[in-house]
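Contents: one structure, followed by commentary.
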Amino acid sequence: MSLMTSGNRRDFLSAGIKLTAAGTLLGAGLSSRTAAAAACPPENLMQIDVSHYLLRNVRLEEAFVRHHDVITATRTGLYDIEVNGATIAGIHAAGFSSTLPAWDAAGHILLPATRDMHIHLDKTFYGDGWRAPLPRKSVIDMIHQEEQILPEIVPTSEMRAEKLIGLLQSKGSTEARSHCNIDPISKLDGLAHLQQAIENHRQDFTAKIVAFPQHGLLRSRVEGMMREAMKMGANFVGGLDPTNVDGAMEKSLDTMFSIALDFAAPVDIHLHETEPHGVAAIRYMLKTVRENPQLKGKVTISHAFALGTLSGSELDAMIEELKAQQFSIATTVPIGRVIMPLPQLRAAGVPVWSGTDTIADHWQPFGSGSMLEKANVYAQLYRGPDEFSLSRALGIATNEVLPLNSQGEQQWPKAQDSATMMLVAASCSAEAVAHVAPVIATFHNGKQVFGQLKKI
């Protein structure tokens, strides 16, 4: 069998991911609780309802297995995990003598919970049946479409956001960074609704909000509204394509950074531009941070497709400067013509986070809510199919929290770590990534927020 060309491989992967997501969305509209009730679980299957308990028969990774210095497998063992409140109180040998209430993990692998670092919880069709996006020609065309759709979806956005939170929990995510429209149509209503949805889940889900000028910071004249959003409690100042949408790169970026400086807030900007002015925008942002050291370590570039247009020494120099100014990159691990330098960024120490972006809205219908799926795509595009590479790919979905370090030494979980984790139907993290293995149970600060386990 001949090897596929890079372009054909990416087309093949794109088709496969769409099929996977389509299967997930067949259940759109059913909350995890509704789905669980419909399944009529057998007796003794239940969510953990106490704060101090044991998870018995938990599979943990212990080390890599090597053959002639080649990593061929991952050694695991069974343990009993003691959880007390929000933390892992102890890691005991299986069969640990205890009178604590106990539930059976049935040998499933315990992994760190995933984190969705780029999603739009505030605007989604999810929970209201199937609805495909309309054809589009440009980002501006999509903005015009959104102006027509927002009056319909904003009034029910709190409910939709909560359903989306339930989907993320069922896929192993209990933390997100959500962008929220600040625009002349939804004004600040979408932000208020999203804040309420997050508040309703304050015990089982954590989310930070980016005030996002989706229709352009300058184009839609929302600087004042953005400032009001920050006063209301938004955590990040957002921005959008300063040339293609706002038509004035320096003025747009200066306005965004001015808001960030005035509120001592971090920045997360959508930068889709791949033309030379996309690279120019990144360089201008780096220059701004050099001139304003208080911004160092506080800038995330989402998408950053312009980096995929660089190569050789020019790319190396850009990565070094991104590292020096402590920028981070948020990616959806795109499948397309632009091949992103994600491995080079990670290897250089630039934080690279991933997110699902959209699950089902007027932009895209392909999201499944699974960050394991993002790790799987990353592995296929960049890492490779071997045990070590698959295990490392998981880091892009967990903000680099991994059971084993690159030397194969056990580093997670440890006693006193946060009990924010997931049980996955796999034998190790490599298999979980390769097969996008089902999540059996999800825990946020010790509280089980998805799944049912057998009480023993």
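The values are calculated or read from the model by the stated rules, or taken from the named source; none is laboratory data. Because the structure is a prediction, the values reported are computed rather than measured. All Cβ positions, even for glycine, are placed from backbone atoms using ideal geometry, and neighbour counts span all protein chains on display. Please note that ligands, DNA and RNA were not included when accessible areas were found on the heavy atoms of the full protein model with its side chains. Shrake-Rupley method; radii C 1.70, N 1.55, O 1.52, S 1.80 Å.
Set against the 2.2 N^0.38 Å expectation for a compact globular protein, segment 156-208 has a Cα radius of gyration ratio of 1.11.
About its Cα centre, segment 305-445 has a charge dipole of approximately 100 debye under the convention of +1 per Lys or Arg Cβ and -1 per Asp or Glu Cβ, with nothing else charged.
Summing charges over all other residues whose Cβ lies under 12 Å from the Cβ of PHE125, with Lys and Arg as +1 and Asp and Glu as -1, gives +1. Among residues other than ALA106 with Cβ under 11 Å from its Cβ, the summed charge is +2 (Lys and Arg +1, Asp and Glu -1). The residues packed around LYS251, meaning those with a beta-carbon under 14 Å from its beta-carbon, carry a net charge of -3 if Lys and Arg are +1 and Asp and Glu are -1. Here LYS323 and ASN44 are evaluated by their C-beta separation; at R0 = 35 Å the FRET efficiency comes out at 0.10. Rounded, prolate or oblate for segment 360-422? Axes are the square roots of the Cα gyration tensor eigenvalues, ordered a ≥ b ≥ c, and the cut-off for rounded is a/c under 1.5. Oblate.
Between GLU199 and SER258, the modelled label-to-label distance comes to 3.1 nm, taking each label 7 Å out from Cα in the direction of the beta carbon. The gain in end-to-end length when the LYS231 to THR156 segment is fully stretched comes to 24.7 nm, 0.36 nm per residue minus the alpha carbon separation. How would segment 42-137 be classified by its alpha-carbon gyration tensor: rounded, prolate or oblate, with rounded meaning a/c under 1.5 and the a/b versus b/c comparison settling the rest? Verdict is oblate for segment 42-137. Remark: the ALA93-HIS67 segment gains 6.6 nm on full extension, using 0.36 nm per residue and subtracting the alpha carbon distance.
Estimated purely from DSSP H runs of n ≥ 4, each contributing -39500 (n - 2.57), the mean residue ellipticity at 222 nm for the chain is -10000 deg cm²/dmol once divided by its residues.
The listed residues HIS144, HIS303 rank as HIS144, HIS303 when sorted by accessible area, largest first, using a 1.4 Å probe.
Derived value for the chain: Kirkwood hydrodynamic radius 22.9 Å. Basis is the mean of 1/r over every pair of different alpha-carbon atoms.
Placing +1 on each Lys and Arg Cβ and -1 on each Asp and Glu Cβ, with no other charges, gives segment 176-266 a dipole about its Cα centre of roughly 120 debye. Looking at the chain, which longest stretch skips every one of the GluC sites (Glu not before Pro) that is in a DSSP loop with at most 12 other Cβ atoms within 10 Å, leaving the sites themselves out? Counting only loop sites that pass the neighbour cut-off, the longest clear stretch is 44-408.
Annotation note: trypsin sites (Lys or Arg not before Pro) in segment 331-424 located in DSSP loop regions with a Cβ neighbour count of at most 11 within 10 Å are ARG337, LYS414. For segment 225-365, the spherically averaged projection of the C-alpha convex hull amounts to 8.8 nm².
Please work out the C-alpha center-to-center distance from segment 161-179 to segment 71-136 and express it in whole Å. Cα centres, segment 161-179 to segment 71-136: 13 Å. Positive end of the dipole of the chain (Cβ unit charges, origin at the Cα centre): among ALA324, ILE143, LEU394, the Cα lying farthest that way belongs to LEU394.
With each label modelled as a point 7 angstrom along the Cα→C-beta vector, the ASP128-ILE140 pair spans 2.8 nm.
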